[in-house]
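Here's the structure we're looking at; comments come further down.
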Amino acid sequence: MDKAGISDAASPLAGTGQVTEATAPSARVFRCGFVRHWVPLAYREELYQVLRLTGPLLITRILNFLQPFVSTIFVGHLGNAELAGYALASATINVTTSATGCGLALTCDTLVSQTFGSKNLKRVGEIMQRSILILLLFCLPCWAVLINSESILLLLQQEAEVARIAQMYVYAFIPAVPAFFLHQLQVAYLQNQGIILPQMYTAAIANVLNVALNYTLIFWMGLGVKGSAAASCISQFSISLLLFGYIRWKKLHVSTWGGWSMASLQEWDSFMKLAIPSTLMLCFEWWIYEIGGFLAGMLGEVDLAAQHVLLELGAITYMFPLGVHAAACVRVGNALGAGDTRQALITSKVVLFVSGVLALLQGIVLGSTKSVLGRIFTSDKAIVEIVSENMTFYVFLQFVDALVCVSSGILLGSGKQKIAAIANLISYYCIGLPLGISLMFAAKLRVLGLTLGLLVCVIIQACFFITVILKLDWKNLTEKAQKRAGKNGKVNCVGQKVPLSVPVLDNMMPEGPDNPEHVPAGGTV
């Protein structure tokens, strides 16, 4: 353990000895003799590590989801026109800025996780510098689109007053775009080193600040929609600055940041080869739901409201597989970067199992409460009935979609996002969307038609992704990961028995004199 508080165990291969039943950290959790007999130690160890990552990641994602959710509640009290304007502004920002920015930042989930796993720590800093420059440059086209939001919305036949309110909100949010992008990179930087808790702390503080700012600016100062946009802007700056301050305070950057380097101006082509498919992978999935809202709006206000309720419920339930997705990406990337092919394969199988179990539990809850879920959002009986009808099939949709989500995390960690991007394009836009539109309008199933179209789509995706993962040349992926990390180390192939160890991810926050909040996990064995 060095003075900066960064663990010496920089990869899944950092152990100093063979893990036994007695010394394994998972032994504290899996004490059942049946489990120990039927589940190999390697899988129990990996399940233990994945669950320890997934918990804080899940809470962090829920906290991040709450910020726009709270803004929706506040703006909703201003009037229908204001709420509609806010909805359009949010959709515009999501489609043109959030989806693309998050997609570009996903590149770090591949590069940082693999490079950190290889112990080439200073290269992690170079990757972050390169990412910062590229995302800050990407602010320019985003601003160009956002500035012209009103004109674009009018071309799409939106109401003039609603488009005007949307533009007002977007104008106030524009300064926050760089802060939003930098925060995505900060999260990727820490997360792929197995450092999770700082993001959770800062997200909690930002949520409290967001509520206070929305109330003060909207009602106390009477700024209306402008106040909500300003609150979102300030909250975005605050969460980015808080996380930056925490990194500096706890010296979490010392082992990976060697200062600004000319190397950050190199290898942009290799970065973009991963960045473009990463962005398309996310955007193809994100945009399909925005399109679904537009299609539901063509059916009338009741169907649009029901679709919105389904989207809100879907966003909440999606947080669980998304937490496993992030854990999968970190674990697979770290293992490949460390040259441990066997560990990457074990991780892939374990995270798919975890996502399936969580989705099954979610399905039981959703299925048993489907008749009352709609009442959380509205008292309109027609909307509640539509939500209940769709929830019967959404239970199966969310189960299969959880497998798709985690599979994409595995592909992202292994640097195969191009496969996921192409699969998303074909399945969503060549199968799911045409089928959904046909069922919505031609078969007159309305919103249920879109749900069924997406269900067929994700079933095909899940089968394809799982088949691809099992058929991948993992040894070749390991060698490529070593090259990306700037190292050509020894590759531990599938079937070769290697000692299991507790990786750096056992430290959700680095341990050391500068970090009293360390979460102990049994140390390195």
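What follows draws every value from the coordinates through simple rules; no lab data is involved. In this text the structure is predicted, and so the values were computed from the model without any measurement. Quick reminder, even Gly has a Cβ in these numbers, built from the backbone with ideal geometry, and neighbours come from all protein chains shown.
Key figures
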read-out: For the chain, fraction of C-alpha pairs farther apart than 39 Å, in %; value: 24
read-out: Helix axis angle, 99-117 relative to the chain longest principal axis, alpha carbon, degrees; value: 10
read-out: J(HN,Hα) series, region 288-301, from Karplus relation 6.51 cos²θ - 1.76 cosθ + 1.60, nearest Hz, glycine and proline x; value: 4, 6, 5, 5, x, x, 5, 5, 5, x, 6, 8, x, 5
read-out: Whole-angstrom gap from region 34-113 to region 282-299, using each part's C-alpha centre; value: 18
read-out: Gyration tensor (alpha-carbon) shape descriptor, region 79-195, a/c threshold 1.5; value: prolate
read-out: Exposed trypsin sites (Lys or Arg not before Pro) absent - longest run of the chain, DSSP non-H/G/I/E/B, at most 15 other C-beta within 10 Å; value: 32-443
read-out: Angstrom value of the Kirkwood radius, inverse mean 1/r, which spans all Cα pairs in region 154-271; value: 16.7
read-out: Cβ-based exposure ranking for Ser388, Ser371, Ser407, in which fewest neighbours within 10 Å come first; value: Ser371, Ser388, Ser407
read-out: Fewest-first ranking of Glu126, Glu159, using other Cβ atoms within 10 Å as the exposure measure; value: Glu159, Glu126
read-out: Using θ = phi - 60° and Karplus 6.51 cos²θ - 1.76 cosθ + 1.60, couplings along region 128-145 (whole Hz; Gly, Pro as x); value: 5, 4, 4, 5, 4, 4, 5, 6, 5, 5, 5, 4, 4, x, 5, 4, 4, 6
read-out: From phi via Karplus (6.51, -1.76, 1.60), per-residue ³J(HN,Hα) for region 303-308 in Hz, x at Gly/Pro; value: 5, 5, 5, 5, 5, 5
read-out: Ranking of Val75, Val354 by count of other Cβ atoms within 10 Å, fewest first; value: Val354, Val75
read-out: Amide hydrogen neighbours beyond the local backbone of Asp340, cut-off 5 Å, H modeled; value: Asn492
